[in-house]
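Just below is one structure, and these are the notes that go with it.
A short reminder: the numbers here are calculations on the coordinates, not readings from a lab. Keep in mind that this is a model prediction, so the values were computed, not measured. Here the Cβ positions follow ideal geometry from the backbone for every residue, glycine too, while neighbour counts run over all protein chains shown.
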Amino acid sequence: MLKKKKLPENEESKQETVEEVLEVEEKISPEIVEAPIIEAEIKEIPQEVPVGVIKIKEFDKDSWKPITDLGKKVKSGEIKNIDEILDKGLKILEPEIVDILLPDLQSDLLAIGQSKGKFGGGKRSIWRQTQKKTKEGNKPKFATLAVVGNKNGYVGIGYGKSKETVPAREKAIKQAKLNIIKIRRGCGSWECNCGQPHSIPFKTIGKTASIQIKLLPAPKGTGITTEKEIKKMIELAGIKDIYSKSRGQTRTKINFIFACFKALKQLTNTKVKHDLVKKLGIIEGKLE
Ligand SMILES: [Zn+2]
């Protein structure tokens, strides 16, 4: 740490802020710097970050220098489709790979925390705050959960934590891209039986800790009948109609969301008999 003891308290904190901003700018890639968010505003009132689906800024392919073999193949155009990576179960280590192969990706933040403050607090917040007590005082940390998806068969979630809200958000989005999965859609609803991929082809279950969530096919027009944060994920995956049932401590938002993500993953991992593919209108990934 730098010696800054001579400075009056105000000056010191100002300097720290500047240092932190610089650090952030060095670490994050160009498209993130361009994000339309004013940093100073966020520091003061974290809850004011625009929630809702945001289009991820266009990615500058030319300036990207891939490190992994997979990244090099994607940049050179040898790999043109994300399925070539996902079907082989290869691990994506660079978020830029996903930026190139899924250019229509959108992101959203999920409310996993509770705000403190007046009137008892408890309002849902996208930030989960933790405090570390040190000699200098309490040092807050922010954590958030991001979901990315193209509303057409691909979705990912990621967790990010940092001293500042902006890097926490960027970490979470980056992680979400690395966790991208392909969704198997279809119509497994006996009430509907339309053979179109507006729902899921069969029921699926996901578990984390004590939580279990079951997702069930629903007929056209049902909508997404799940808890609000789960709904964001299902929507970004491109599923339009679904029922859900859950049990356990669903107030523990993070586990609940991860359980749902597992359930979605399970859809693609389940083996399906060939003759059912047509009957249930199953498609994997993008609907052209
Ligand atoms: Zn249907």
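Once a ≥ b ≥ c are taken as the square roots of the eigenvalues of the Cα gyration tensor of the range 80-119, is the result rounded (a/c under 1.5), prolate (a/b larger than b/c) or oblate (a/b not larger than b/c)? Display every interim value, and only then the final one.
Working: a/c = 4.24, a/b = 2.90, b/c = 1.46.
Note, shape of the range 80-119 comes out prolate.
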Measure out, as a whole number of angstrom, how far apart the alpha-carbon centroids of the range 211-240 and the range 268-288 sit. 18 Å
What does the highest-first list of 230-240, 278-288 look like by mean Cβ count within 10 Å? 230-240, 278-288
Highest first, please rank the peptides 174-187, 82-95, 59-72 by the mean number of other Cβ atoms sitting within 10 Å of their residues. 174-187, 82-95, 59-72
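Return one quarter of the surface area of the convex hull spanned by the alpha-carbon atoms of the range 183-284, equal to its mean projected area, in nm².
On the way: hull surface 23.0 nm².
It is 5.8 nm².
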